[in-house]
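Below is one structure, written out as structure tokens; comments come after it.
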Amino acid sequence: QVQLVESGGGLVQAGGSLRLSCAASGRTFSSYAMGWFRQAPGKEREFVAVISWRSNTIYKDSVKGRFTISRDNAKNTVYLQMNSLKPEDTAVYYCAADHSGPGSQIKDDYDDWGQGTQVTVSS
């Protein structure tokens, strides 16, 4: 099991930026696909971005061109750089580890989850 700890959330005005970090325990981080999901109040948890162990990336359509997912295997950390933030990006953001897949958009494919970090974008 991998422990994941997110950080970097906060309150920002529309058009602003935040960088989320997710630190992972364990020595096999580099072999995992890592994903970011988010959940707004009253809504289902939804896919945001994923990066494979080879650093291939996939994004939710509404964040393409604004968000960038990256990883630093030496630091066991995955990042989500969020620019041009909009009020509809407001949610709790979660990182997750997929131990065996190439990188999925389906939350049930993930094995480990962090506790989440709140992102609030004011208009």
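The Cα trace of the chain gives Rg and Dmax of 13.3, 42 Å, the first to one decimal, the second as a whole number.
If only the Cβ of Lys and Arg carry +1 and only the Cβ of Asp and Glu carry -1, the dipole of segment 59-120 around its Cα centre is close to 320 debye.
With N set to the residue count of segment 64-120, report its C-alpha Rg divided by 2.2 N^0.38 Å to two decimal places. Expressed relative to 2.2 N^0.38 Å, the Cα Rg reads 1.23. Converting phi to 3J(HN,Hα) with the Karplus coefficients 6.51, -1.76 and 1.60 and the offset θ = phi - 60°, segment 71-88 yields 9, 10, 5, 5, 9, 6, 9, 10, 10, 9, 7, 10, 10, 6, 5, 10, x, 6 Hz in sequence order, with x at every glycine or proline. Amide H contacts for Asp112 (H built 1.01 Å from N in the peptide plane; partners 5 or more residues away or on another chain; cut-off under 5 Å): Ala97. In order along segment 94-103, phi translates into HN-Hα couplings of 10, 9, 8, 10, 10, 6, 10, x, x, x Hz, rounded to whole numbers, per the Karplus curve 6.51 cos²θ - 1.76 cosθ + 1.60 with θ = phi - 60° and x for Gly and Pro. Using the Karplus relation 6.51 cos²θ - 1.76 cosθ + 1.60 with θ = phi - 60°, the per-residue 3J(HN,Hα) values for segment 52-63 come to 6, 5, 8, 6, 6, 10, 9, 10, 4, 3, 6, 10 Hz, with x marking Gly and Pro. Quick one: which of Lys60/Lys86; Lys43/Lys107; Lys75/Lys107 span more than 21 angstrom between C-alpha atoms? Listed pairs above 21 Å: Lys75/Lys107. Between amide H atoms placed 1.01 Å from N, distances below 5 Å from Arg71 occur with Tyr79, all of them 5 or more places distant or on a separate chain. The value of relative contact order for the chain, using C-alpha pairs under 8 Å at least six residues apart, is 37 percent. Ranking Trp53, Val92, Ile106 by how far each Cα lies toward the positive end of the dipole of segment 49-109 (charges on Cβ) leaves Trp53 at the top.
No lab work stands behind these numbers, since they all come straight from the coordinates. Predicted model only: the values in this text are computed from it and were never measured. Here the Cβ is made from the backbone with ideal geometry for all residues, glycine too, and neighbour counts use every protein chain on show.
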